[in-house]
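The values are calculated or read from the model by the stated rules, or taken from the named source; none is laboratory data. As the structure is a computational prediction, the values presented were derived from the model and not from experiment. All Cβ positions, even for glycine, are placed from backbone atoms using ideal geometry, and neighbour counts span all protein chains on display. Accessible surface is based on the protein model in full, side chains and every heavy atom, while ligands, DNA and RNA are left aside. Shrake-Rupley method; radii C 1.70, N 1.55, O 1.52, S 1.80 Å.
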Protein chains: 2
Amino acid sequence: MSDAVELLVCTTCRCGQPKEAEAPRPGAQLYEALSEQPLPEGVKLRPVECLSNCSQGCTIGLRGPGRWTYVYGGLEPEAHVGVILDGLARYLTAPNGIIPWRERPEHFKRNCVVRIPPMEAAHA
Amino acid sequence: MSDAVELLVCTTCRCGQPKEAEAPRPGAQLYEALSEQPLPEGVKLRPVECLSNCSQGCTIGLRGPGRWTYVYGGLEPEAHVGVILDGLARYLTAPNGIIPWRERPEHFKRNCVVRIPPMEAAHA
């Protein structure tokens, strides 16, 4: 297992678009937008088919060995790339993945879907 | 790292109770109720302080090495112990943690908060 921090992006998110719509999915657009950005060293961008947060807009996850996993929703492909990169940078500087509340981007404060403790701690 | 499957339970959940209420928290009651049940071999019950799904009722997570993590909300301490144990048993029989849709407990179908892919697959 690598020590990489992963930026998970739900690529199947429709953001409420009709199932029949043939337009590119907002989730895929968000993934594309992020893939065009230089990411900090050690961060792996990873597409995921459905993070199962379908009713709350585009969704990402941040996780890594020894860190809490955080999932955030309510994201838009064009509007929130900067917010995601800002939050990612702050996540990287938090050894356990817990960004101090005051330092979290406002969008992260209001759109955290779930957090999950690191696997390792369970067997410490 | 152990191969154990973990049943995470948010013990701080208030289920909408006022912050000032001194009554036992529903999340803690759910954890207590589950701790009184015999769990399948290899399953570790683990309390977590806040899974950050506070607005959607008591919350649990199922995860294990090589498995998708699933988080379910909308649970009640007394009403849903059987459902959780049923879902746990089905999760155990699914090698990657993905319970076939038709076999999922109805509550799981309607109250999945998020799912997260296994860590290992990211580095395969």
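Look through the stretch B:16-42, keep the residues that are in contact with a helix residue (DSSP H, G or I) (Cβ under 7 Å, 6 or more places away or on another chain) and surrounded by fewer than 19 Cβ atoms within 10 Å (Cβ to Cβ), and return whichever of them is farthest from the other protein chains (Cβ to nearest Cβ). Only one residue tops the list, namely B:Ala33. Contact map, the stretch A:67-84: residues that are under 9 Å from A:His107 (Cβ atoms) and within 14 Å of another protein chain (Cβ to nearest Cβ) paired with residues that are in a loop (DSSP other than H, G, I, E, B) and open to solvent by 30 Å² or more (accessible area, probe 1.4 Å), Cβ distance under 6 Å, separation 6+ or inter-chain. Pairs shown: A:Tyr72/A:Asn111; A:Gly74/A:Asn111.
Taking each residue of the stretch A:85-108 that is open to solvent by less than 20 Å² (accessible area, probe 1.4 Å) and looking for partners that are part of a helix (DSSP H, G or I) and acidic (Asp, Glu) with beta-carbon atoms closer than 6 Å, six or more apart or interchain, yields A:Pro105/A:Asp86.
Only one of the numbered conditions (1) away from every other protein chain (no Cβ under 14 Å); (2) modelled with pLDDT of 95 or more is violated by B:Leu62, and that is (1).
Taking the criterion of being open to solvent by less than 10 Å² (accessible area, probe 1.4 Å) and among the β-branched types (Val, Ile, Thr), the residues of the stretch B:60-73 that qualify are B:Ile60, B:Val71. If the condition is being under 22 Å from A:Arg110 (Cα atoms) and either without any contact (Cβ under 8 Å) to a residue 40 or more places away in the chain or charged (D, E, K, R) (or both), then the stretch B:53-66 contributes only B:Ser55. If A:Lys19 meets every condition in (1) out of contact with any Cys (no Cβ under 9 Å at 6 or more places or on another chain); (2) assigned to a helix (DSSP H, G or I) apart from one, which number is that one? So A:Lys19 meets the others, but not (2).
Kindly list the number of the only condition in (1) within 14 Å of chain A (Cβ to nearest Cβ); (2) open to solvent by 10 Å² or more (accessible area, probe 1.4 Å); (3) at pLDDT 95 or above that fails for B:Gly57. In the conditions (1) within 14 Å of chain A (Cβ to nearest Cβ); (2) open to solvent by 10 Å² or more (accessible area, probe 1.4 Å); (3) at pLDDT 95 or above, B:Gly57 misses (3) alone. Checked against (1) in contact with a strand residue (DSSP E or B) (Cβ under 6 Å, 6 or more places away or on another chain); (2) not in a loop (DSSP other than H, G, I, E, B), B:Cys13 passes all but condition (2).
Count of the stretch A:69-124 residues, restricted to those that are assigned to a helix (DSSP H, G or I) and among the polar types (S, T, N, Q), is 1. Within the stretch A:1-41, being under 28 Å from A:Gly66 (Cβ atoms) and of a type in the set (Asp, Glu) holds for A:Asp3, A:Glu6, A:Glu41. Residue check: is A:Cys50 among the hydrophobic types (A, V, I, L, M, F, W, C), within 9 Å of chain B (Cβ to nearest Cβ), in a loop (DSSP other than H, G, I, E, B) and touching a residue at least 24 places away in the same chain (Cβ under 8 Å)? The answer is yes for A:Cys50. Among the residues of the stretch A:1-15, just one is of a type in the set (Ser, Thr, Tyr) and either open to solvent by less than 10 Å² (accessible area, probe 1.4 Å) or within 10 Å of chain B (Cβ to nearest Cβ) (or both), namely A:Ser2. Only one of the numbered conditions (1) farther than 17 Å from B:Ile116 by Cβ; (2) open to solvent by less than 20 Å² (accessible area, probe 1.4 Å) is violated by A:Glu76, and that is (2).
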